[in-house]
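Only one structure is covered here, and it is reproduced in the block below.
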Amino acid sequence: MTPEALTEVEMITVVIDGFEVTVPKGTLIIRAAEKLGIQIPRFCDHPLLAPAGACRQCLVDVEINGRAFPKPQASCTIPVENNMIVKTQLTSPVAEKAQKGIMEFLLINHPLDCPVCDKGGECPLQNQAMSTGRGESRYEGVKRTFEKPVAISTQVLLDRERCVLCARCTRFSDQIAGDPFITLNERGALQQVGIYEKDPFESYYSGNTVQICPVGALTGASYRFRSRPFDLVSTPSACEHCASGCAIRTDVRRGKTLRRLAGEDASVNEEWNCDKGRWAFKYLSSKERIATPLLRGADGELHEASWPEALAAAATALKGKRVGVLVGGRATVEDAYAYSKFARVTLGTNDIDFRARSHSDEEASFLATAALNAKTTYFDIDKADKVVLLGFEPEDESPIVFLRIFKQVKKRALSVVTVAAFASRGSQKLKATLIPVVAGNEAAAISALEGLTEKSVVLVGERLNESAGALSAVVELLAKSNAKLGWIPRRSGERGALQSGAIANLLPGGRPVSDPAARVDVAAAWGVESLPTTAGKSTAEILAAASAKELDAVVVAGVDPLDISAEALTQLLNTYVLSFEIAHSAVTAIADVVLPVAAITEKSGSFLDWEGRPRAFTKAIEESLTRSDLRILSMLAYEMGTPINLPSVAATAREIAALGNWDGAKASFTPAKSNKSLKLAAGEAVLSSWRLLLDLGTLQAGEPNLAGTARPATANISQSRADSLGVAEGEAITVSTARGSITLPAHITAMADGSVWLARNSDGSQTIATLGIVGGEVVSVVKA
Amino acid sequence: MTKLTPVLSAHWDEADSFTIGAYKRHGGYGAVVKALEMEPDAVIQLVKDSGLRGRGGAGFPTGMKWGFIPQGDNKDHYLVVNADESEPGTCKDMPLLMANPHVLIEGIIIASYAIRAGYAFIYIRGEVTHVVRRLQAAIAEAYAAGHLGKNIQGKGYDLELVLHVGAGAYICGEETALLDSLEGFRGQPRLRPPFPAIAGLYAKPTVVNNVESISSVPSIINNGAEWFSAMGTEKSKGYTLYSLSGHVANPGQFEAPLGITLRELLELAGGIRPGHQLKFWTPGGSSTPIFTAEHLDVALDYEGVSAAGSMLGTKALQVFDETTCIVRAVLRWTEFYKHESCGKCTPCREGTWWLVQILRDLEAGIGTAADLDKLLDVVDNIMGRSFCALADGAASPIISSLKYFREEYMQHLTTGGCPFDPVASTVFATAGSR
């Protein structure tokens, strides 16, 4: 809570078990008691869900103005009042007996399968049965039994016998995620959580229900029966999947990550995360992981090599050569800094870019100015009078940002406007006003936006660079309205890489390369005479130069060439490739030297989330022999004779902190013009696309249970196009370019007639690989 | 027959009593004209002055409930009539709606006018198809005659009346569960506050009243508050429907002033069935603690019954003679509550599940005196611990039967089974058998 919010709230003093406690008005008794260190047992209560009062475990005696309630009250439903006296189980025999009675009821139908239950050892029911239960049951009857388990989705399994019907999961799905796909069915002791027959629990946030289940009723399919909580070593971590910045917890047993949970951070993800962040970690222990350096031999094959061998070979190949560096969007702040320093100091070039995706010069200028200086946070969303989404689908591209907006939509009907091809399910849940655009025409739509104030929040996705002039229109809009900007890339490393100068036009700390004073600043800190002044190349330019033999070598770190373009891999074939990778990939397959690096759980470091907020994490797996990129770069630089002196993550972090941020003259934005609208013939449309949260992304590999809840790909068209094609909802249509075609079921939705939309990287719908484009270009659309 | 005060039931014996013609023949829809010429607040005041209290069981003053609706709030207001009569033994609203549906409709118009509602709903239980059809027909008649819809009887007041048929759940008689069900959700009680008067149906200010309460309103408008409050006792004013069922010679509905005793009602009903004696009875349906012959002279008004340790409830007097096994009767009721528990809260859901198993054992003669203590202790953990009053209702018959008939429970345990012949308690049993 911000200090300003605190002063507005009236404070109330109550007496609980004889102790006075002062809390803000509206605080529930159970929460006020916590403040005194008095733990009232509970199941259905959850601080982020609306009170239910269903389990009745938290009964206490309450008296207001000397008048006692005739019966004990659920402390999770009653806010404190002045002159209230509360007696919990500690001082009221009635409350104590009531609580023991409820616990006995909860246990009569609960199976005694704790020894095989995932929750055993970290189970609120188990713990509170110890504190509030009786040693032996008085129940001599027949326990309720159900078939177990029931799969309510591919990743969540329901054991109805264990369920205490607290309704946390159903309330979470309805109130927090907006996916009311699970409900309570039946009644009495046969009441149970259920799904609609034809609509399984396909929510991007379903894993949270497993985490907040106070018993072992909901379990994750991938973790079920794998481990006991007391065998796990837990490490607070940061999620590497997107720029939302979730705090997470990594649970490791004997060097292997067995599960990840949402961590708590009230400023960022509260207590939630998305299913990708929770369950997409099998890539960490994939058989494709690389354990030793690899050198391509005379036979054209990769062979295992020792570190000195591999470093010597790489050093020889790079020393004194023209080299470009592709950093990728998943580097930590420290690793990105090391690449930046390595490029400038050791390679003597500005040819470095973290953008392993579509990009433009307009974007580079936007990033070095507006994005770099954006100070917008989650709290600004909480207080916004309007949220505008530009080239950004929060549910798919930054799921916790979605939850934060959704919270305000639920709470106070926050107005949301989206400039997009169509209203996605996320936009529908946000009740967003759709401004439908044909890809390429975003600039005009953005310029036409009205009614923004300094309390409005404009969230720009990285994809907006795909529409020429759109980012320029954003800059104009911000200047006109004083609205707040949030630039939200998809990947966790991009904001940090920008800050670290892993891009041609910036040095670390946001220093413009073009500014001599900034160069002097950094050169002095790095102890070198000067830094390269030649304008650097972007990702596409590096690839083109490599292909044209204008570069001798390219350092490629954690990049999937198909994220950039269909030609990217081919463009690397003519050059020397040094690959920094965690696992075998398309790049390692053509690389000359492969240097294995540590994956997220094997190293320390930090990300900057979209707000620019540091998300530091430490090693979850102590036993790992792999090293962070910066350590290897440091060894390589030493081998090449121009050291960068970054021996450890901690040392690098210290150097970054010492260097600080640029306080000199800021770069100014160079606007770009938008392209003219494309002319369409009959049977043609302009393609739009984005990546769905769950798709064929590399980091989601090896987790079929997660993939099972991915939304199926469709080809979205308008009603009038459907009519002219003569297709009905669900009938197949084919979208083609000269390169290839994609055939999918049509989904008819409100969108511009000139538009067709495809998922960018889903099963059966990979626009870059198949069509060679991401959007903004003409495709043909025909009935299949 | 001096004790009877037939108002609602005055013309039930006429063959066409349920038609609009018959209703009008006896002055029906006259009260509406009178009420629509009054200020809405004056109608509320009149009902307050009459002392009418809710006839659905809790006895909350009806006029006061109407007065809780915030006025001038620019929100829609709703009147919801609770016709989900499902309590074992309770049989007053259904006969009333069968024989005289128009009195309810007239009461609805007046009540809706008083609370400034433009929509009213009747939530009726789904099993009573014949009553549903009569009510549907009556509503259609009322619309056709201009008593419902736009500009009612030319007085410039609009009201739409919707009959909603429930799917047969006892919990939907609980007013907030009823509202959830009416909104299309599964019927489960809502957390209060907010109370329905502030945020009820569709989160709008809502009055939920029992059929009989609303049906009593036209007579108050016609005859005045003094006429109404002249009947009954000091704090329980007016007339009401008492429903006698079970082992009585002439079961049925008896409309009498509040405060009549069972002894007087039994006289009117021809006494206990021939050859038998009263053993126990419920004053207001199965969820009110039972009484015995020692309570024959308890005044059947809100205060009198409460002082004697029970509740007036719905004035459903289920009468049992000496052929009835108390354990069996209590088990049947408990099975009902287990079946009807909505499942939302733990003590009701799990408690009733357990109670049935204990009582089945006891009826079969399995157990010891310690099991009776356990039963009482389990009941103590249910009573006053649940989300709504359903579980309290389930606990009442057990506690009260053990209070009066503990010996009979023990008899089951010592003889190893039920000492009663279940056939003897049926209506088709030969008089005097056993």
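A few remarks follow.
- Applying a threshold of 6 Å to beta carbon distances and a minimum spacing of six or more residues, or different chains, the list of pairs starting in the range A:178-193 at a residue that is more than 8 Å from every other protein chain (Cβ to nearest Cβ) and over 17 Å from A:T145 (Cβ atoms) and ending at one that is surrounded by fewer than 18 Cβ atoms within 10 Å (Cβ to Cβ) and not small (G, A, S) reads A:F181/A:D199.
- Selection within the range B:155-187 - assigned to a loop (DSSP other than H, G, I, E, B), touching a strand residue (DSSP E or B) at 6+ places or on another chain (Cβ under 8 Å) and closer than 22 Å to A:A167 by Cα: B:R186
- Options B:L372, B:L376, B:L390; residue that is over 18 Å from B:Y337 (Cα atoms) and of a type outside the set (V, I, T): B:L372
- Scanning the range B:218-256 for residues that are more than 16 Å from B:L46 (Cα to Cα), in contact with a Ser or Thr (Cβ under 6 Å, 6 or more places away or on another chain) and among the charged types (D, E, K, R) gives a single hit, B:E255.
- Of all the criteria given as (1) more than 11 Å from chain B (Cβ to nearest Cβ); (2) touching an Asp or Glu at 6+ places or on another chain (Cβ under 9 Å); (3) without any contact (Cβ under 8 Å) to a residue 40 or more places away in the chain, the one not satisfied by A:M130 is (2).
- Pairs linking a residue in the range A:381-407 that is farther than 15 Å from A:V460 by Cβ and among the aliphatic types (A, V, I, L, M) to a residue that is in a helix (DSSP H, G or I) and at pLDDT 95 or above, with Cβ atoms under 9 Å and 6 or more positions apart or on different chains, are A:I400/A:G277; A:I400/A:Y378; A:I400/A:P394; A:L403/A:I176; A:L403/A:P394; A:L403/A:E395.
- Residue in the range A:194-205 that is part of a helix (DSSP H, G or I) and either of a type in the set (G, A, S) or within 28 Å of the chain's Cα centre (by Cα) (or both) present: no
- Some residue of the range B:323-346 being aromatic (F, W, Y), under 19 Å from B:T292 (Cα atoms), surrounded by 23 or more Cβ atoms within 10 Å (Cβ to Cβ) and more than 10 Å from chain A (Cβ to nearest Cβ): yes
- Taken together, B:T368, B:T415 contain a single residue that is β-branched (V, I, T) and either surrounded by 22 or more Cβ atoms within 10 Å (Cβ to Cβ) or within 14 Å of chain A (Cβ to nearest Cβ) (or both), which is B:T368.
- The range A:194-211, residues that are among the aliphatic types (A, V, I, L, M) and buried (at least 20 other Cβ atoms within 10 Å of the Cβ): A:V210
- Picking from residues in the range A:149-193 that are assigned to a loop (DSSP other than H, G, I, E, B) and polar (S, T, N, Q), the one that is surrounded by the most Cβ atoms within 10 Å (Cβ to Cβ) is A:Q155.
- Wholly within the range A:1-115, helices (runs of 4 or more DSSP H) carrying at least 2 residues that are within 41 Å of the chain's Cα centre (by Cα) and of a type in the set (K, R): A:29-35
- Residue list for the range B:349-359, restricted to those being in contact with a Gly (Cβ under 8 Å, 6 or more places away or on another chain) and either more than 10 Å from chain A (Cβ to nearest Cβ) or in contact (Cβ under 8 Å) with a residue 12 or more places away in the chain (or both): B:T352, B:W353, B:W354, B:I358
- Residue in the range A:685-707 that is in contact with a strand residue (DSSP E or B) (Cβ under 9 Å, 6 or more places away or on another chain), hydrophobic (A, V, I, L, M, F, W, C) and without any contact (Cβ under 8 Å) to a residue 60 or more places away in the chain present: no
- Residues satisfying the stated conditions in the range A:92-109, i.e. at the interface with another protein chain (Cβ under 8 Å from one of its Cβ atoms) and either crowded, with 19+ Cβ neighbours inside 10 Å or among the aromatic types (F, W, Y) (or both): A:A98, A:G101, A:I102, A:E104, A:F105, A:L106, A:I108, A:N109
- Subset of the range A:596-620 (residues that are on the phi > 0 side of the Ramachandran plot and either in a strand (DSSP E or B) or hydroxyl-bearing (S, T, Y) (or both)): A:G605
- Just so you know, in the range A:110-148 the residues that are β-branched (V, I, T) and loosely packed, with under 14 Cβ neighbours inside 10 Å include one that is nearest to B:E350 (Cα to Cα), and it is A:V142.
- The range A:289-304, residues that are under 20 Å from A:S624 (Cβ atoms) and surrounded by 14 or more Cβ atoms within 10 Å (Cβ to Cβ): A:R289, A:I290, A:T292, A:P293, A:L294
- Residue within the range A:315-330 that is assigned to a loop (DSSP other than H, G, I, E, B), surrounded by 24 or more Cβ atoms within 10 Å (Cβ to Cβ), touching a helix residue (DSSP H, G or I) at 6+ places or on another chain (Cβ under 9 Å) and among the charged types (D, E, K, R) present: yes
- Residues that are closer than 23 Å to A:L692 by Cβ and part of a helix (DSSP H, G or I) occur at least once in the range A:283-304.
- Against the list (1) under 27 Å from A:F406 (Cβ atoms); (2) without any contact (Cβ under 8 Å) to a residue 12 or more places away in the chain, the condition A:R67 fails is (1).
- In the range A:584-627, residue nearest to the chain's Cα centre (by Cα) [restricted to those that are aromatic (F, W, Y) and buried (at least 24 other Cβ atoms within 10 Å of the Cβ)]: A:W610
- Restricting the range A:673-695 to residues that are surrounded by fewer than 21 Cβ atoms within 10 Å (Cβ to Cβ) and of a type in the set (A, V, I, L, M), the residue that is nearest to the chain's Cα centre (by Cα): A:L678
- Condition check for A:S718: among the polar types (S, T, N, Q), under 29 Å from the mean Cα position of the chain (by Cα), more than 23 Å from A:F201 (Cβ to Cβ) and at pLDDT 95 or above: no
- Filtered by the rule that a residue be over 17 Å from A:A657 (Cα atoms) and not in a loop (DSSP other than H, G, I, E, B), the range A:520-540 gives A:V520, A:T539, A:A540.
- Pairs linking a residue in the range B:295-319 that is at positive phi and surrounded by fewer than 22 Cβ atoms within 10 Å (Cβ to Cβ) to a residue that is basic (K, R) and in a helix (DSSP H, G or I), with Cβ atoms under 9 Å and 6 or more positions apart or on different chains, are B:G309/B:K403.
- Within the range A:222-276, the residues that satisfy the criterion of being touching a residue at least 60 places away in the same chain (Cβ under 8 Å), closer than 21 Å to A:P47 by Cβ and in a strand (DSSP E or B) are A:P236, A:A247, A:E270.
- Residue within the range B:212-231 that is among the aromatic types (F, W, Y), under 19 Å from the mean Cα position of the chain (by Cα) and modelled with pLDDT of 95 or more present: no
The values are calculated or read from the model by the stated rules, or taken from the named source; none is laboratory data. Source: prediction; values computed, not measured. Here Cβ is always computed from backbone atoms with ideal geometry, including for glycine, and neighbour counts include all displayed protein chains.
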